[in-house]
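Scroll down for the structure; my scribbles are underneath it.
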Amino acid sequence: MRKHLFLLALALVCCCFWSVQAEVYTSIGQMTDLIYTEKELVQSLKEYIQAEESKLAAVKSWANKLDVLTRASTSDPEVYLAHPVNAYKLMKRLNTEWSELESLVLQDPSDGFISNMTVHRQYFPDEEDEKGAAKALMRLQDTYKLDSESFSKGKLPGMHHNAILTVDDCYDMGKTAYNEADYYHAVLWMQQALRQMDAGEEHVVSKADVLDYLSYSVYQMGDLPRAIELTRRLVAIDSSHQRAGGNLRYFEKLLSKQLKELNQEVQEPATEEPIQLGTYKRPKDYLPEREIYEGLCRGEGVKMTSERRSRLYCRYHDGNRNPRLLLQPMKEEDEWDSPHIVRYLNALSDSEIEKIKELAKPRLARATVRDPKTGVLTTANYRVSKSAWLEGEEDPVIERVNQRIEDITGLTTQTAELLQIANYGVGGQYEPHFDFSRRPQDIMVDGNRLATFLNYMSDVEAGGATVFPDFGAAIYPKKGTAVFWYNLFRSGEGDYRTRHAACPVLVGCKWVSNKWIHERGQEFRRPCGLTEVD
């Protein structure tokens, strides 16, 4: 009975994972709700277990009592029934009490648990979320050059406690990569699963399965000697494996052919050595500045020389004697000289941040980008976050923030876009991009995006910097501060140096709000010019 109930509950859990839209993993803010959901389900599960134990204890009590009775009655049935009370009680037991026992056995204590599951299942992540989270870990591994062993032990910068990946976790990571034809990461994670397995860690997956995926992925990476060695290990474990024998003969024949073409003698494959990060070269992808971008995310290649730093200042900023800033001017710091990027301290208070997050959280939806070919808004792997748009009329806090941006920048926000709130999820990022449009047909009626005002609404323990690959700047999130830069020259031409990116969040939760200020309405606030100057 308990096994039946467990399987029923498990089936319902599995169904839940297919019932909702994916992309839960793209927002830490929304994922926090799942923590409390899981806690509630665990409590419900404990109540179910307690009910099952109470039910079983009652059934055991019945069984013990009836066992004593039947031993006495069956020793001499006629003598036992000679007593009228015993005869009566036998009739009563079989007519009434056994029916009560039947009802007790048929009671289903899982009803409450299943009802709770039914309520919450619409919010559960699905298979795409699990895959997306796995790919996010691989993205973090690449960007921050984290080897699989350190990752599996949870040794991440900025972390005060570790989260362990088991053999089966590593295997699932490798299988996710394999199914995406990402053999580079499949090798790293299958190798880590094998390493932990060989170290004696408990596991469910078989070593043969790990070797099967690992050997073929290594072959796809072009390392035939190691593929042969791993396949031989597989054959030694499972000589009847349906692919191993054929793969081994194929690999050996292929290696022999390659050596013959190079006029080299056939060699025995090298003994296995652990495959580390860097053993194989990571394949190139669509992003030309990938290495520069990821280096900046790691803090490498930042071109803040002492000479350039000497040209940076901090000052009080009153917005050209703006009445709202006279008594309490903004603290302004130079982050970069050309293009000029400034940071404002105390741009948002903690209470304002919490109110903005409260308003945005129910509306968060997967952030989109404009397809360069079709011009249609769509989701993309290079932008992993969720966003919401807030109007000034919705709450005095939003109106106040808009006014403050206008006071600080001296630009009107009447033609600006709504305040965009973004929350980055597991490995959340936005790869190098321009804020301004380079396609005339995509420019809005209020003109191109003249400037960007970016509020940081959280600290980030590790990762999450805003980087500019063109000139080697890295700006780190600091809660309550804001950074500002112009995307267009005074001539109206785009400043291609402002191509920037949001680095993947390694540890922590990143919240930002963006205000994109457009050209229209700025004619007398930022007069245009004929040359491309800041």
- Query: What value, in deg cm²/dmol to 500, does the helix sum -39500 (n - 2.57) over DSSP H runs of n ≥ 4 give at 222 nm once divided by the residues of the chain?
  - Reply: -14000 deg cm²/dmol
- Task: Could you pull the accessible area for GLU38 with a 1.4 Å probe, rounded to 10 Å²?
- Result: 110 Å²
- Roughly how tilted is helix 127-143, in degrees to the nearest 10 and between 0 and 90, from the longest Cα axis of the chain? 50 degrees
- Task: Would you mind checking which residues have amide H under 5 Å from MET457's amide H? H placed 1.01 Å from N; only 5 or more apart, or other chain.
- Result: GLY480, TRP511, VAL512, SER513
- Note on the structure: Pseudo-spin-label distance SER99 to GLU393, built 7 Å along Cα→Cβ, given in nm, is 6.8 nm
- Message: Just to confirm the number: angle between the C-alpha axis of helix 183-198 and the first principal axis of the chain, 0 to 90 degrees, nearest 10?
- Response: 40 degrees
- Message: For Cα Rg over 2.2 N^0.38 Å, pick the label among (i) 1.01; (ii) 1.07; (iii) 1.35 that corresponds to the value derived from the coordinates.
- Response: (iii)
- Rounded accessible area of ASP459 (nearest 10 Å², 1.4 Å probe): 90 Å²
- Between the residues TYR344, ALA502, LEU454, the Cα farthest towards the positive end of the dipole of the stretch 289-518, that dipole coming from +1 and -1 charges on the beta-carbon of Lys, Arg, Asp and Glu, is from ALA502
- Query: Measuring from label point to label point, each 7 Å out along Cα→Cβ, what is the LYS39 to ARG308 span in nm?
  - Reply: 4.5 nm
- Task: Using per-residue counts of other Cβ atoms within 10 Å, averaged over each peptide, order 392-403, 180-191 from highest down.
- Result: 180-191, 392-403
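If each residue of separation counts as 0.36 nm, what is the full-extension length gain between ASN381 and ARG249 once their alpha-carbon separation is subtracted?
43.6 nm is the gain from fully extending ASN381 to ARG249.
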- Note on the structure: Sorting MET31, LEU94, SER110 by the position of each Cα along the dipole of the stretch 24-122 (Lys, Arg +1; Asp, Glu -1; all at Cβ), the one nearest the positive end of that ordering is LEU94
- Message: Under a Cβ-only charge scheme (Lys and Arg +1, Asp and Glu -1), can you give me the dipole magnitude of the stretch 378-534 about the Cα centre, in debye to the nearest 20?
- Response: 340 debye
- Protection proxy (average C-beta count within 10 Å per residue), highest first, orders 405-415, 45-55 as 405-415, 45-55
- Message: If you count only protein heavy atoms and use a 1.4 Å probe, how large is the accessible surface of SER349, to the nearest 10 Å²?
- Response: 50 Å²
- Query: For TYR184 and PHE434 in one chain, what is 0.36 nm times their gap in residues minus the Cα-Cα distance, to one decimal in nm?
  - Reply: 87.0 nm
- Would you list, by chain and number, the lysines whose Cα falls below 18 Å from the Cα of LYS145, excluding same-chain residues fewer than 8 positions away? LYS135, LYS153, LYS155, LYS281, LYS284
- Top positive-direction residue, dipole computed over the chain with Cβ charges, set SER44, ALA82, GLY301: GLY301
- Query: So which chymotrypsin sites (Phe, Trp or Tyr not before Pro) in the stretch 295-386 are both in a DSSP loop and have at most 13 other Cβ atoms within 10 Å of their Cβ?
  - Reply: TYR313
- Using a Förster distance of 45 angstrom, determine the FRET efficiency expected from the C-beta separation of ILE443 and SER338, and round it to 0.05. 0.95
- Message: Need the full-extension length gain, ALA199 to SER61, defined as separation in residues times 0.36 nm minus the C-alpha distance. One decimal, nm.
- Response: 45.0 nm
- Task: Take the stretch 289-518, drop everything but the C-alpha atoms, weight them equally and run the Debye formula without solvent; then report log10 I(q)/I(0) at 0.13 Å⁻¹ to two decimals.
- Result: -0.78
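Could you sort 120-128, 522-530, 288-296 so that the peptide with the highest average Cβ count within 10 Å comes first and the rest follow in order?
Highest-to-lowest ranking by the protection proxy: 288-296, 120-128, 522-530.
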- Note on the structure: Within the stretch 163-268, DSSP-loop trypsin sites (Lys or Arg not before Pro) with at most 13 other C-beta atoms within 10 Å are ARG243
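The values are calculated or read from the model by the stated rules, or taken from the named source; none is laboratory data. Keep in mind that this is a model prediction, so the values were computed, not measured. Neighbour counts are summed over all protein chains in view; Cβ atoms, including those assigned to glycine, are modelled from backbone coordinates with ideal geometry. These area figures cover heavy atoms from the full protein model, side chains too; ligands, DNA and RNA do not enter into them. Shrake-Rupley method; radii C 1.70, N 1.55, O 1.52, S 1.80 Å.
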